[in-house]
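The values are calculated or read from the model by the stated rules, or taken from the named source; none is laboratory data. Since we're looking at a predicted model, the values are computed, not measured. Reconstructed Cβ throughout: ideal geometry from the backbone, glycine too, with neighbour counts over all protein chains shown. These accessible areas exclude ligands, DNA and RNA; they are computed on the full protein's heavy atoms, side chains included. Shrake-Rupley method; radii C 1.70, N 1.55, O 1.52, S 1.80 Å.
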Amino acid sequence: MGTHIIVFYPEGKCAEAQAGETLLSVAHGLGVALDSACGGQGACGKCKVIPRLGKVDAEKSPLLSPDEEKEGYILACQARVTGDAVVEVPVESQRGRLQILVRGEHGLETGAPEGPLAERIELEMEAPTLKDNVDDLNRLTRAIKEQRAVEASPGITLPVLQALPKVLREAGWKVDALVGEMEGKTHIFGLQPASERKPVYGLAIDVGTTTVVVQLVDLETGALVGTAAGLNDQIAFGNDVISRIIASEEQSERAAALQDKILETINRLIEELITKHELEREQIICASCAGNTVMTQFLLGIEASALRREPYVPAARHFPGVEADEVGLTIHPRGPVRVSPAVSSYVGGDIVAGTLATGMDEVEAVQALIDLGTNGEVAIGNKDWLVCASCSAGPAFEGSGIKHGMYAGPGAIERVEYDALSDEIRCRTVGEAKPRGICGSGLVDTIACLLRAGLIDRAGRIDLGRPTRRTRVVDEEPGFVLLWGEEIGREEDIFLGENDIQNLIRSKAAVYAGLSILLKRVDMKASELEQILVAGAFGNYLDAENAVTIGMLPDLPLEKIRFVGNSSVAGARMALLSAEARKRTEHIAAKMTNFDLSAESDFMEAYVAGLFLPHTDTSLFPSVMEKCAERI
Ligand code: FES
């Protein structure tokens with residue numbers, strides 16, 4: 001017996017594995033997204049892989065077609081490590097992943113930007129003569145129109161006009177103009193000699209209630225250059241949007257303190273990107289933001305009191321474009337900042353951006369998008385119609401309100417597997433860093449594991465009588481030890497208590513109830529949906545099977561459930577890079593019909609029914625009940 005190196009691609013993950021270990025176990029240990037619906041029994045045929053280099057000892061399986069056998073397919077759960085190997089996980093075996101940021105049809109990695117929010121235009125002009133003595137501004141706009149084949153002349157800001165004569169002449173008529181879009185009109189907001197040329201960037205920003213994500217994007221290639229994420233400093237005013245609105249009402253200048261906090265957060269993340277990528281602030285020339293309506297209003301310094309009082313009216317659904325300086329973003333001071341339009345007080349620009357990113361507004365098939373941010377928003381529809389609702393999921397999915405919870409940053413436990421026989425836990429963390437806490441996807445995994453192993457009952461209560469050393473009472477609260485302090489070099493264990501479990505149960509009940517009631521309003525069944533797209537600030541992905549196990553998502557074939565990551569920032573990024581995408585967000589917001597679930601009496605009934613694992617009505621979750629019966 002010895003150890004061997006196994007590499008899985010396309011994820012590029014590798015590990016040392018024991019000879020004799022199954023490829024499935026090595027893959028799961030590494031957190032490779034490999035399907036395994038039957039849990040490694042050799043019965044489902046989902047864990048197909050292709051060894052590309054080296055050798056493994058694989059058993060034949062009737063679940064593989066002759067063609068697959070010819071192509072070298074094997075079942076990972078029926079193959080044992082015998083030496084070093086490189087193993088491909090084909091697309092059909094990749095579980096729960098939809099790589100929204102690199103999808104061909106809407107992805108941004110595959111093409112150059114088309115009509116970015118702002119751009120640098122390189123210009124070379126003839127110097128004026130007695131025959132051609134057109135004024136400097138006309139000479140400049142004429143050159144821009146020639147380059148961009150646009151009819152209307154762009155406008156110009158006064159500071160640029162003031163500098164224009166000098167810059168043109170000193171630069172020998174070779175200049176770069178910074179041109180941005182504001183409210184559908186273009187304007188020149190910067191000018192510099194061509195000799196000082198530097199790359200220009202834009203930001204895509206997801207202004208989340210709990211977490212804020214800032215992406216740095218190359219405006220010439222559309223490439224994602226870097227990402228910075230952190231907790232929203234507004235948390236000092238409360239975890240949810242309602243407490244923050246109440247806190248803002250106690251301030252003398254209602255929205256100012258909350259605006260300062262969100263700007264501090266975003267500007268700190270911008271600073272991080274500037275330092276890491278050695279940029280000058282003025283190289284970042286525009287920003288596209290998406291957030292829920294409350295966050296959007298606070299970002300723009302608009303007081304939000306009316307959002308929490310009947311009849312729940314937002315200040316606007318379409319927000320005007322502003323200059324960075326006007327709003328307080330520390331990028332090029334005159335660069336345009338655009339905010340995604342909202343649908344209602346509680347369905348904001350984040351779900352509009354998410355709808356854009358998933359492309360559900362462009363296809364015939366009816367799909368559902370569930371954004372599991374702090375608010376929990378659901379949209380259903382297709383190219384002809386869209387409906388939406390907010391379902392107050394609470395911040396548990398973002399790790400907030402959970403004792404050892406954290407957002408999905410480095411060190412967050414994002415995948416958990418529990419082997420009841422050996423009482424061993426396998427965890428994977430974001431960035432493979434030392435475990436610091438547990439994020440939404442890790443929580444969903446843990447609760448699903450505990451339910452299947454019978455360590456919690458259907459109400460989420462810990463069974464202290466089970467033969468495991470991991471259940472215990474800490475500070476009078478029964479719970480489950482995920483990682484021992486000594487394993488991770490800290491004094492305290494990473495522990496999930498009953499209160500944490502209850503918080504997550506409340507969140508999942510709200511999501512399931514929101515989806516059920518919205519489906520009821522459009523007279524559809526969950527089984528009629530082509531796909532359920534799940535977005536949120538989890539780790540790299542959410543395990544669809546575990547999400548169904550806890551009753552967060554309906555009991556559908558797993559291939560119908562796809563995790564799409566942070567669709568809000570993906571949509572903000574599309575709007576940053578494409579004029580067409582910006583138009584689409586306006587259409588989506590205008591087309592979406594909002595249902596206010598707080599005013600719907602059946603929502604509360606549906607919510608209460610969801611406060612069990614997986615649900616009060618177990619007939620809705622036949623596959624889960626079957627698995628629990630097998631394993632408990
Ligand atoms: S996991 Fe089901 S066949 Fe391998």
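Descriptive notes on the structure:
- Carbon + sulfur, % of accessible area of the stretch 130-264 - ligands and nucleic acids excluded, 1.4 Å: 51
- Label sites at Ala152 and Asn133, each approximated as a point 7 angstrom past Cα along Cα to Cβ, lie 3.2 nm apart.
- Shape of the stretch 125-182, Cα gyration tensor, a/c cut at 1.5: oblate
- Between the beta carbons of Asp260 and Asp423, assuming R0 = 45 Å, the FRET efficiency works out to 0.40 to the nearest 0.05.
- Measuring r between the beta carbons of Asn267 and Glu580 and using R0 = 30 Å, the FRET efficiency lands at 0.50.
- Loop trypsin sites (Lys or Arg not before Pro), the stretch 326-424, which have at most 15 other Cβ atoms in a 10 Å radius of their Cβ (DSSP): Lys383
- With R₀ fixed at 51 Å, the C-beta to C-beta distance from Ser601 to Leu464 puts the FRET efficiency at about 0.85.
- Zone residues, the stretch 161-188, relative to Ser195, backbone N less than 14 Å from point 7 Å out along Cα-to-Cβ: 167-176
- DSSP H segments from the chain that extend 20 Å or more along their own axis, Cα-based, with Kyte-Doolittle mean of 1.0 or above: none
- Qualifying trypsin sites (Lys or Arg not before Pro) for the stretch 275-325 [loop in DSSP, other Cβ within 10 Å: at most 11]: Arg309
- Reachable aspartates and glutamates from Lys198, criterion Cα separation under 15 angstrom, eight or more residues apart if same chain: Glu119, Glu122, Asp176, Asp218, Glu220, Glu278, Glu280, Glu282
- For the stretch 311-415, GluC sites (Glu not before Pro) meeting the loop criterion (DSSP other than H, G, I, E, B) and having at most 11 other Cβ atoms within 10 Å: Glu364.
- Cross-linked pairs Lys13/Lys46; Lys520/Lys591; Lys48/Lys627; Lys145/Lys276; Lys520/Lys560; Lys403/Lys508: Cα-Cα separations exceed 26 Å for Lys145/Lys276.
- Spin-label pair Glu250-Leu161: with each label point 7 Å from Cα along the Cα-Cβ axis, the two points sit 4.8 nm from one another.
- Whole-number Å³ per residue for the convex hull built on Cα positions in the chain: 180
- DSSP beta bridges in the chain [antiparallel fraction, %, rounded to 5]: 70
- Helix content alone sets the calculated 222 nm mean residue ellipticity of the chain: runs of n ≥ 4 DSSP H residues at -39500 (n - 2.57) each, divided across all residues, give -8500 deg cm²/dmol.
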